[in-house]
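Undergrad: Have a look at this one.
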Amino acid sequence: MTRPSHLPLVLALVVLCAPLMNACVPAVVVGAAAGGALVATDRRSAGAQLDDQSIELKITTEMGTRYGDRIHLNVTSYNGVVLLTGEAPDQATRDAIAAYARGVDRVRAVHDEMVVGPTTDLSARTNDSYITSKVKTRFVEANKFSATHVKVVTERSVVYLMGIVSRTEADAAAQIAATTTGVARVVKLFEITG
């Protein structure tokens, strides 16, 4: 089943809103051009990309309202497949977050990788961001596949890989990530094509 493309609507909104932001017009034009380049290289349709952003925002906003600082939640959606990472104070909260995510429109699957325990500190989160950047850099350097086809999420030094890729690309990405300094474990959540 194909989804209707939201790209024409987004472009129309950008065109309509641009005159209202005189000082921001150059930024809007540059942002739209950069966004268009990402849309063009992504294997998801423009509509699926917008759906993923909507899914992430809906879950993050609702869980932030419900639980506030009691949780640390990262929501990543790729082609309707949701990855939940972070920490919850107890199993009931973790289960409630996953159940809510499963009920969000256009969610095809949920991978609940949250842990029960205290939230990570800034140092751990900074280290995770550093690991993500190292993995992405190694993807580009290896030049075995387009790095834009693989989404990298790191939590507690565990690297999660998402994307629409071939088996060869999935294996290469996992091997590169697994041999990156600081990576404790690699979890493949790919959608394999052809």
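Undergrad: Name the residue that is nearest to Gln175 (Cα to Cα), counting only residues in segment 102-134 that are of a type in the set (Ser, Thr, Tyr) and in a loop (DSSP other than H, G, I, E, B).
TA: Here the answer is Thr120.
Undergrad: With Leu189, Leu122, Leu161 as the choices, which residue is surrounded by 20 or more Cβ atoms within 10 Å (Cβ to Cβ) and either touching a His at 6+ places or on another chain (Cβ under 6 Å) or within 27 Å of Gly64 (Cβ to Cβ) (or both)?
TA: The conditions single out Leu161.
Undergrad: Further question on the same structure: Give the residues of segment 52-101 that are part of a helix (DSSP H, G or I) and among the hydroxyl-bearing types (Ser, Thr, Tyr), sorted by residue number.
TA: Answer for segment 52-101, where residues must be part of a helix (DSSP H, G or I) and among the hydroxyl-bearing types (Ser, Thr, Tyr): Ser54, Thr60, Thr61, Thr65, Tyr67, Thr93, Tyr100.
Undergrad: Kindly indicate which of Tyr100, Tyr130 is touching a residue at least 24 places away in the same chain (Cβ under 8 Å) and either of a type in the set (S, T, N, Q) or assigned by TED's automatic domain parsing to the domain that holds Met63 (or both).
TA: Just a single option satisfies the conditions, and that option is Tyr100.
Undergrad: Right, Asp90: under 15 Å from Met63 (Cβ atoms) and under 15 Å from the mean Cα position of the chain (by Cα) or not?
TA: Here the answer is no, as Asp90 does not meet what is asked.
Undergrad: Which residue pairs have Cβ atoms under 6 Å apart, sit 6 or more places apart or on different chains, and have a first residue in segment 85-96 that is outside the structural domain of Ser157 (by TED's automatic domain parsing) and a second that is of a type in the set (D, E, K, R)?
TA: Matching pairs, first to second residue: Thr85/Glu113; Thr85/Glu155; Ala88/Arg94; Pro89/Arg70.
Undergrad: Separate question: Residues that are modelled with pLDDT of 95 or more, surrounded by 15 or more Cβ atoms within 10 Å (Cβ to Cβ), within 26 Å of Gly194 (Cβ to Cβ) and of a type in the set (Asp, Glu): does segment 51-69 have at least one?
TA: yes
The values are calculated or read from the model by the stated rules, or taken from the named source; none is laboratory data. Only a predicted model underlies this, so the values are computations on that prediction, with no experimental measurement involved. Virtual Cβ from ideal backbone geometry, glycine too; neighbours counted across all protein chains shown.
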